[in-house]
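The values are calculated or read from the model by the stated rules, or taken from the named source; none is laboratory data. Predicted model only: the values in this text are computed from it and were never measured. Note that each Cβ is placed from the backbone with ideal geometry, even for glycine, and that neighbours are counted across all protein chains shown.
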């Protein structure tokens, strides 16, 4: 195992918490030429007061992790581009201000502005009623709110790891519990890591069912991109097996499913449910390519834990969120009741863990973008692919 | 433009926040004879832990602004009187403890104890269901909670301005966003200002629709007074065009609409909906006159942005809130659905701003109170006025 | 009156708050041989960030009080045993993270892990709709959430008292308001006290109706025990007059009502409603006796304020809460509507106070445990006792 430096920043079990902390490559002079810095600080003012932030600056890209919001990724910036987006929510909202069940289960939207918002773990999709088992063993109808609760759950443990051997991977790791008496109890262990000098970072997740009884679980990685990646003429490049419009509204423009228009005030979202091809090991890649084809954002992941891929196209005005979401998931962001009916909800035995890993990158330069597109094309080469001409009742509640 | 001193106290966009700060007239020796002080501090303990307060002491009156609660005014005190009131809510409650949709949409009442609580901006009135447009462009029924969300929204930006020329106006200004993805996005810019040596302060508001699509907006200034202004025999003096009881219960005592009784345990509120006369420029004034007619609280405002005036008479026991509300509003505090039906909801185009300004004063001395009453009487002189003998279905849902 | 030392730690009315503070017996050298310490500190990290804790270490037992959560008792520990339990909720959850009405009124369960969680004061039982009177004097249907709001209400005043005479009783006292405009307004005054060198502590409560009109009130002390008190073969010892199964599911095992099985994944709770016998003064005692009969947890209280006794048996897997609750209450934890129908809800006149006191102890050693069991047996000796063979519609909604 690699030699490494470790530093705990938060551990609620021992009541340990560092408000601010910093480390950088100058502390490790044996690794010449690598420049990086990891900074922990707390946001102040407005709805963001008290929100913990960890920035990982790997010398090329700064990845901003939000431990207070379930270890979501706020944004990833290089000196010439940003992976992320903006909308009416301009602060990094503290969970104390979020009531997920408000506005008919849409309360999550009051804090939604991150580059990667993790949806789950009890449910990931649209708000809807579902049956749970209450303390008396009776079925009880409750509202499962939009995109679940994990994004508004703070990490109970947070630490930093630095590999002291090449490639000197930098890691910010956290544990986020989502649990209650008489209900599911999950522990998300997540690590966000990057290698100095790259424009890539990896999210490695393990979700464990801490309960002694089986539990359902859903997870979806809501990865969101605005300009400069998104723009008129941008396109999504995916090794698709099947593309289905979520609804009739989306179906009307089905032929434009993989391209984007300019910001358009009042645009109503289009949403596509896909299955993808992968390589022999079940690994796949998707990309958003900028209009000039000089930039791309890619996501690499395995299909086995993440078989469902959703594209969210919301080319509204920039003030209202000009954004697209590329969303690998354990299933589709419909109500849990519908996803269960279709057999897509993950079942975790007592103590069992689910694992998923995503690598997100910014690719710069026309040749590099072209190579990425070629790689993705190769994943689907010679395999069947279909763009559905109707809304598929297996994927969309009617 | 006047020379002025400016100091930012909070700016969440730059993660800037001053926990405590103070400035007073001794810093500006060129203005002899003016004594004033502005103090920023944070409340501690109980439900008020973490609430920001700014006190503007202008030498005669201290106005207490609550940036954490949407720049509401907690109270305004002189050495012999207070504009404000008390009830079961004794702390300045942090929004983290408020769930507006709880108790059937009445959660707002758990933090209600301010002299001026701003209601709005998505809705101002009684809780009720209404249709919103969700992310898929579908109509969705949601609960709009009592008096909206702006009172439980913290300022993202807070600053102080001091005019360095006569009259040396002192200003505490803030920006309070109310927005979400897939919903209205407003920015309230508000300034609370006062001139040293006076017993008056002004609230100057601008509400901008930050969205690229039109939005509805409602606003109401819930200005609340208890003793010593309110007491048995106190009366409200307004240049009314028409006074309507909100409901049959209020109608029973309609002839006493402008006078107040003593505290009465179990008193059920009376509520009146009014239209007012103004001067040639559309400016008007209202007053609450104390029983001895030695004190009055006045509010001056323009009728164009604030055409609807509500009187709330709640002469319950002091422990339960012995209070009256004088409430200039863009419309009446009914459900938004009803107000829309009656054509009273403000419509803001993309980027458009709504502006309103109120000046609130304490008037001391019988001659001064008499002069104020004469001034108000003159506004209505020779114009029609009516106290309705029935509940008006244009103003009250049946 | 005894000489005593007093120290205020929090007083929100004067904006006074001590983040950390400590005092111990070395400050009072006149009391030789007594060793004790009282420590105030703040929890950090995760959902517990900002939660105030006061630990009373009396030399034999450390009692952990949670002012931020309504002065609940987290646990009481000696060097060889703990009164308390564990489940999926592993942090001491700040009320800002609790939305009592979420999950169909079960939001309370996201913070439930204390040894003594006080339920009340507006309601104590299962979530259910009930009618309240709104501001307009109209009946309004609202959801009263599980176990009420007092456990998620922070103390507005907190102080420490040390008796400077034998027995040198140590007290941590607090005031917890539960109130709102247009609704009940209660003030809970509570004192947790213990005598150095003992393994006992006392909770002395006064609940005052601060309103000028009568209010209903319910209170229940949810006292919860896991290992080492609870284990296979543990038993509850109570001077019962009548034991009734809450439901048919519980009834199936009615003959085992006073004994406990081992942890059993997926076990669905059993719940019993009891009336108890007391001594001539109406005082009674109950105990949980460990499997080896070498440990017992006792609760002593008066039947007049606490006539209803509930046993909650939840021998689920330890990860999911292997626990039993011994719950003295003003009534049973059914919906308030049902308890009102049965005439069991407390009615408090304007200004009236309700008082209750519980002494909780850890008893160690077989002879001591036997003596305790004999004492409890004596309370019921020669008096009628009955284990019901059906579910009693007077106690359980059908």
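Among the residues of the stretch B:231-248, are any within 14 Å of another protein chain (Cβ to nearest Cβ), surrounded by fewer than 22 Cβ atoms within 10 Å (Cβ to Cβ) and out of contact with any helix residue (DSSP H, G or I) (no Cβ under 7 Å at 6 or more places or on another chain)? Yes - at least one qualifying residue is present in the stretch B:231-248. If you go through the stretch C:253-269 and pick out every residue that is over 21 Å from the mean Cα position of the chain (by Cα) and within 12 Å of another protein chain (Cβ to nearest Cβ), you end up with 6.
Is it fair to say residue C:325 is under 25 Å from residue C:117 (Cβ atoms), surrounded by fewer than 23 Cβ atoms within 10 Å (Cβ to Cβ) and modelled with pLDDT of 95 or more? Against the criterion (under 25 Å from residue C:117 (Cβ atoms), surrounded by fewer than 23 Cβ atoms within 10 Å (Cβ to Cβ) and modelled with pLDDT of 95 or more), residue C:325 qualifies. The residues of the stretch A:277-294 that are assigned to a loop (DSSP other than H, G, I, E, B) and either within 14 Å of chain B (Cβ to nearest Cβ) or farther than 18 Å from residue A:383 by Cβ (or both), listed by number, are A:290, A:291, A:292, A:293, A:294. Considering C:6, C:19, the condition of being closer than 26 Å to residue C:84 by Cα and modelled with pLDDT of 95 or more is satisfied by C:19 alone.
Okay, residues lined up against (1) within 14 Å of another protein chain (Cβ to nearest Cβ); (2) outside any loop (DSSP other than H, G, I, E, B):
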{"residue": "B:173", "(1), (2)": "no, yes"}
{"residue": "B:181", "(1), (2)": "yes, no"}
{"residue": "B:191", "(1), (2)": "no, yes"}
{"residue": "B:201", "(1), (2)": "no, yes"}
{"residue": "B:204", "(1), (2)": "no, yes"}
{"residue": "B:218", "(1), (2)": "no, yes"}
{"residue": "B:229", "(1), (2)": "no, no"}
{"residue": "B:271", "(1), (2)": "yes, yes"}
{"residue": "B:275", "(1), (2)": "no, yes"}
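Here residue C:91 meets each of (1) over 30 Å from residue C:231 (Cα atoms); (2) buried (at least 19 other Cβ atoms within 10 Å of the Cβ); (3) in contact with a helix residue (DSSP H, G or I) (Cβ under 6 Å, 6 or more places away or on another chain) with one exception, condition (1).
So that you can scan it fast, the table gives a plain yes or no per residue for (1) assigned to a strand (DSSP E or B); (2) within 14 Å of chain C (Cβ to nearest Cβ):
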residue: B:80; (1), (2): no, no
residue: B:87; (1), (2): no, yes
residue: B:90; (1), (2): no, yes
residue: B:93; (1), (2): no, yes
residue: B:100; (1), (2): no, yes
residue: B:104; (1), (2): no, yes
residue: B:109; (1), (2): no, yes
residue: B:114; (1), (2): no, yes
residue: B:118; (1), (2): yes, no
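Which of the residues that make up the stretch A:208-221 are under 18 Å from residue A:286 (Cβ atoms) and touching a helix residue (DSSP H, G or I) at 6+ places or on another chain (Cβ under 9 Å)? The one that is under 18 Å from residue A:286 (Cβ atoms) and touching a helix residue (DSSP H, G or I) at 6+ places or on another chain (Cβ under 9 Å): A:219.
Scanning the stretch B:249-269 for residues that are under 15 Å from residue B:392 (Cβ atoms) and surrounded by 20 or more Cβ atoms within 10 Å (Cβ to Cβ) yields a count of 2. Among the residues of the stretch B:14-25, not a single one is touching a helix residue (DSSP H, G or I) at 6+ places or on another chain (Cβ under 9 Å), touching a residue at least 40 places away in the same chain (Cβ under 8 Å) and either in a loop (DSSP other than H, G, I, E, B) or more than 22 Å from residue B:64 (Cα to Cα) (or both). Has the stretch C:43-62 got at least one residue that is modelled with pLDDT of 95 or more, within 14 Å of chain A (Cβ to nearest Cβ), more than 30 Å from residue A:105 (Cα to Cα) and over 24 Å from the mean Cα position of the chain (by Cα)? No: the stretch C:43-62 contains no residue that is modelled with pLDDT of 95 or more, within 14 Å of chain A (Cβ to nearest Cβ), more than 30 Å from residue A:105 (Cα to Cα) and over 24 Å from the mean Cα position of the chain (by Cα). Inside the stretch C:143-156, residues that are within 8 Å of another protein chain (Cβ to nearest Cβ), in a strand (DSSP E or B) and within 23 Å of residue B:91 (Cβ to Cβ) make up a count of 0.
Residues in the stretch C:67-86 that are surrounded by fewer than 24 Cβ atoms within 10 Å (Cβ to Cβ) and either under 23 Å from residue C:10 (Cα atoms) or out of contact with any strand residue (DSSP E or B) (no Cβ under 9 Å at 6 or more places or on another chain) (or both): C:74, C:75, C:79.
Scanning the stretch A:120-134 for residues that are in a loop (DSSP other than H, G, I, E, B) and touching a strand residue (DSSP E or B) at 6+ places or on another chain (Cβ under 8 Å) turns up A:122, A:123, A:124, A:125, A:127, A:134. Can you confirm whether residue B:177 is in contact (Cβ under 8 Å) with a residue 40 or more places away in the chain, more than 23 Å from residue B:76 (Cβ to Cβ), at the interface with chain A (Cβ under 9 Å from one of its Cβ atoms) and buried (at least 21 other Cβ atoms within 10 Å of the Cβ)? Criteria not met by residue B:177.
For residue A:74, the stated conditions hold: it is within 14 Å of chain B (Cβ to nearest Cβ) and within 15 Å of residue A:57 (Cβ to Cβ).
If you go through the stretch B:167-181 and pick out every residue that is touching a helix residue (DSSP H, G or I) at 6+ places or on another chain (Cβ under 6 Å) and more than 24 Å from residue B:56 (Cα to Cα), you end up with 3.
Going by the conditions given, is residue A:44 surrounded by fewer than 24 Cβ atoms within 10 Å (Cβ to Cβ), touching a helix residue (DSSP H, G or I) at 6+ places or on another chain (Cβ under 6 Å) and farther than 21 Å from residue A:314 by Cβ? Against the criterion (surrounded by fewer than 24 Cβ atoms within 10 Å (Cβ to Cβ), touching a helix residue (DSSP H, G or I) at 6+ places or on another chain (Cβ under 6 Å) and farther than 21 Å from residue A:314 by Cβ), residue A:44 does not qualify. For the stretch C:120-140, the tally of residues that are more than 13 Å from chain B (Cβ to nearest Cβ) and surrounded by fewer than 23 Cβ atoms within 10 Å (Cβ to Cβ) stands at 2.
For the stretch C:9-36, taking the residues that are within 14 Å of another protein chain (Cβ to nearest Cβ) and under 23 Å from residue C:61 (Cα atoms), the one that is surrounded by the fewest Cβ atoms within 10 Å (Cβ to Cβ) is identified as C:20.
For every residue, the table says whether it meets (1) in contact with a helix residue (DSSP H, G or I) (Cβ under 8 Å, 6 or more places away or on another chain); (2) touching a residue at least 40 places away in the same chain (Cβ under 8 Å).
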position	(1), (2)
A:183	yes, yes
A:189	no, no
A:223	no, yes
A:253	no, no
A:263	yes, yes
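For the stretch C:309-344, which positions are within 18 Å of the chain's Cα centre (by Cα), more than 14 Å from chain A (Cβ to nearest Cβ) and over 19 Å from residue C:254 (Cα atoms)? Result: C:328, C:329, C:330, C:331.
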